[in-house]
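Since the structure comes first, as structure tokens, the remarks are kept for the end.
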Ligand SMILES: Cc1ncc(COP(=O)(O)O)c(C=O)c1O
């Protein structure tokens with residue numbers, strides 16, 4: 001059993017203010033999981049806490065920190081931009097940095113992607129892609145894949161099938177339909193109706209459990225979309241910016257989407273920034289005449305700090321060859337995890353592409369483990385995964401999370417600058433926690449403690 005993590009006093013005061021004025025349940029949940037710590041300094045893959053602990057980040061803020069935390073080149077670029085006192089958000093000017101960034105993103109994305117619309121988050125990108133697809137096709141419907149994660153604004157949420165996220169927020173957008181990910185027959189039978197403006201899909205479904213489609217799924221989906229006049233839109237908010245090795249995951253599958261949504265890792269994890277890349281034809285359908293030149297805009301859209309951070313991030317990703325690093329490190333980590341976890345009956349699979357990986361757990365077969373597993377699953381389906389996450393954090397100093405729409409998959413997505421030595425320690429930590437989960441005692445009594453605290457708090 002690891003040491004119980006003490007909450008340092010100033011962290012406690014900060015957390016109470018947060019609970020008092022922002023979101024009390026969030027602070028409460030982190031307290032419960034013993035993960036409510038104050039981070040003082042974050043560099044590369046390392047997070048240093050106020051009470052002197054070092055945590056290794058194997059989550060990257062859900063694929064935000066591809067270049068590592070506070071990369072010095074991105075920090076410097078931001079300092080320089082602030083110091084030059086340039087045009088940050090004039091609104092009525094042509095933002096030259098936006099042009100430079102759009103050109104670079106489109107060059108790397110390739111295919112039919114020649115224009116960019118900038119925004120400040122992934123959800124906003126999804127919203128924009130819905131509008132652009134409707135404007136281009138003059139159709140209302142939007143198709144998505146079951147268990148997708150596209151963001152929590154009303155339009156993006158309408159494309160997410162899991163009831164947890166939707167409940168209480170309806171009515172959502174009409175004419176939205178989700179088909180099973182990987183099921184081309186289901187997709188075609190919807191496309192045939194010719195009601196759909198776009199099929200919006202993650203090339204690898206991250207929060208659904210790091211689901212990698214078969215080699216031909218996306219290619220066939222793309223040609224079906226073309227055939228029925230529906231735009232093929234990839235949400236690369238997590239998979240883009242070299243997370244899976246290629247600039248876009250689309251490149252692994254040889255597809256040419258009509259639009260690609262980027263965000264998260266675009267600006268080095270320091271300034272909000274997102275983009276929708278699109279074809280000339282889609283762009284022209286929206287900005288179709290002089291009076292419509294500003295028909296879709298956003299105040300923060302092309303602000304110079306975001307643009308500068310994104311340009312610097314792109315440079316770092318390429319100068320440090322982090323795409324190549326993602327592939328090599330992903331192969332290394334996958335092999336090591338598979339080897340270390342192969343004898344544990346509750347480990348179903350280690351999968352992923354590059355450094356977007358998941359470890360899928362499954363219900364145990366042996367009765368002595370099955371009874372506690374089912375009992376705690378009945379309290380909350382996420383209980384098993386949260387104990388894994390909690391123990392990895394508390395006992396071994398690793399920040400991880402389970403997937404948002406599949407609590408049995410532990411997400412493994414460290415910054416692309418992670419070292420072999422850091423991955424080696426991670427493998428040992430995961431093996432330790434797997435060992436614990438396969439012994440009837442400590443892991444399960446911890447679950448009981450967690451359940452009690454949840455109901456007492
Ligand atoms: C694939 C995907 N799309 C869209 C979003 C929404 O992004 P944001 O939280 O920046 O609005 C997310 C967020 O996790 C995501 O994972």
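Every read-out reported here was derived from the displayed coordinates using simple, explicitly stated rules and does not represent laboratory data. Everything numeric in this text was worked out from a predicted model, so none of it was measured. Every residue, glycine as well, gets a Cβ built from its backbone with ideal geometry; the counts of neighbours run over all protein chains shown.
Considering the Cα trace of segment 109-175, what is its radius of gyration and what is Dmax, both in angstroms?
Cα radius of gyration and Dmax of segment 109-175 are 12.9, 40 Å respectively.
How are the alpha carbon pair distances in segment 1-134 distributed across 10 Å bins from zero to the largest one, expressed in percent?
With a bin width of 10 Å, the distribution comes to 9, 23, 30, 23, 13, 2, 0.
Restricting things to alpha carbons, find the Rg to Rh ratio for segment 58-191 using the Kirkwood radius for Rh.
1.03
What whole-number distance in Å separates the alpha-carbon centres of segment 49-104 and segment 123-153?
Rounded to whole Å, the Cα centres lie 27 Å apart.
If you project the alpha carbons of segment 306-457 onto the principal axes, what extent comes out on each, in Å, largest first?
Over segment 306-457, Cα extents along the principal axes are 52, 36, 25 Å.
Compare the peptides 260-268, 150-158, 244-252, 49-57 by average per-residue count of other Cβ atoms within 10 angstrom and give them in order, highest first. Before the final figure, lay out the partial values.
Details: 260-268: 28.6, 150-158: 20.7, 244-252: 23.0, 49-57: 16.4.
Taking the mean over residues of other Cβ atoms within 10 Å, the ranking is 260-268, 244-252, 150-158, 49-57.
Provide the percentage of antiparallel DSSP beta bridges, counting only those with both residues in segment 29-81; round to the nearest 5.
The antiparallel proportion sits near 100 percent.
Quick one: which of 330-342, 386-398 comes out on top by average Cβ neighbours within 10 Å, and what's the full order, highest first? Each step should come with its number before you reach the end.
On the way: 330-342: 17.0, 386-398: 20.8.
Result, highest mean first: 386-398, 330-342.
Once the Cα atoms of helix 442-456 and of the chain are each reduced to a long axis, what angle between those two axes, in degrees from 0 to 90 to the nearest 10, is obtained?
It works out to around 70 degrees.
Of all DSSP beta bridges located in the chain, what percent are antiparallel, nearest 5?
65
For segment 343-382, how big is the tail of P(r) above 16 Å, as a whole percent of Cα pairs?
Of the Cα pairs, 47 percent sit more than 16 Å apart.
Could you give me D for the chain, from Stokes-Einstein at 10 °C and 1.306 mPa s, where the hydrodynamic radius is the Kirkwood radius over C-alpha pairs? Units µm² s⁻¹, please.
69
Rounded to the nearest 500, what is the 222 nm mean residue ellipticity of the chain from helices alone, with -39500 (n - 2.57) per DSSP H run of 4+ residues and division by all residues?
On the way: 18 runs with 203 residues, N = 457.
Computed mean residue ellipticity for the chain: -13500 deg cm²/dmol.
Please report Rg (one decimal) and Dmax (integer) in Å for the Cα set of segment 189-286.
For segment 189-286, the Cα-based Rg and Dmax read 13.8, 43 Å.
Angle check, please: helix 367-379 long axis (alpha carbons) against the longest principal axis of the chain (alpha carbons), in degrees 0 to 90, nearest 10.
Its long axis makes an angle of about 50 degrees.
Hey, what angle do you get for helix 96-109 against the long axis of the chain, alpha-carbon based, 0 to 90 degrees rounded to 10?
So the helix axis and the longest Cα principal axis differ by about 70 degrees.
In whole percent, what relative contact order does the chain give with Cα contacts below 8 Å and a gap of six or more residues?
With pairs under 8 Å counted, the relative contact order is 21 percent.
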